[in-house]
Structure formats: structure tokens, C-alpha cells
Amino acid sequence: MVRLYSDVQLEDKKAPAPSTEERLKRVSEVMNTLPPLCRRAFILARFEDMSPEEISDELDISIRSARRFVARAFAACQRVLENEGHEK
């Protein structure tokens with residue numbers, strides 16, 4: 001028998017986890033607060049699978065800056081996702 005999520009009762013009475021759509025919306029909101037180069041470097045790294053060297057060439061920045069921008073954006077997204085369960 002397949003049980004739907006709405007049929008399951010939460011034992012610890014915590015709010016249900018946010019949906020994937022809600023989480024993506026929050027990540028998008030965070031990404032929009034980042035500086036343009038930081039946001040672009042993250043998109044190139046995560047969605048276009050580019051290396052720091054390729055990102056540095058594409059954006060005309062140093063390899064170190066490319067790595068730093070990707071790390072900064074990733075950390076911002078991670079903080080949002082980790083805090084989702086602590087709200088309410």
C-alpha cells in the first residue's frame with residue numbers, strides 16, 4: 001500500500017519540511033542578493049560544470065577569485081537550506 005505524505009502524521013509535532021519548490025525559491029532569493037560575478041561564477045560551476053580555470057577565463061577574473069566566488073555562493077545557499085528546518 002502506498003501512503004501519501006498527507007496520510008503520515010509527524011511523531012515529533014514539528015512542521016513538515018519545506019517542499020523542493022519552496023527550497024528552490026529560497027535559494028533563488030539568496031542568489032539574487034549576491035554580487036553579479038559571484039552569482040555567475042556559481043551558475044557556471046554548478047550548472048555548466050565549469051572548472052575554476054574555465055570560470056576565470058569566462059569572467060576575466062583570477063582563478064582564486066573564481067574559487068572564492070563559488071565557495072561564497074555555495075555557503076550562502078547552504079546556510080539557507082540548513083536554517084529551513086529551524087524556522088517557525
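Just so you know, all these numbers are worked out from the coordinates, no wet-lab data involved. Model, not experiment: these values are computed from the prediction. Counting neighbours? That spans all protein chains shown, and the Cβs are built from the backbone with ideal geometry, glycine included.
Can you pull the semi-axes for the range 18-86, root of five times each eigenvalue of the Cα gyration tensor, sorted largest first, whole Å?
Over the Cα atoms of the range 18-86, the semi-axes work out to 24, 11, 9 Å.
Grab the Cα-Cα distance for residue 63 and residue 80, subtract it from 0.36 nm times how many residues apart they are, and report the gain in nm with one decimal.
Separation in residues times 0.36 nm, less the Cα-Cα distance, equals 3.5 nm.
Given points 7 Å out from each Cα along the Cα-Cβ axis, report the residue 26 to residue 72 separation in nanometres with one decimal.
Output for this residue pair reads 2.3 nm.
Each residue of the range 34-41 in turn: what ³J(HN,Hα) in whole Hz from Karplus with 6.51, -1.76, 1.60 and θ = phi - 60°, glycine and Pro shown as x?
The phi angles translate into 7, x, x, 5, 5, 4, 5, 4 Hz.
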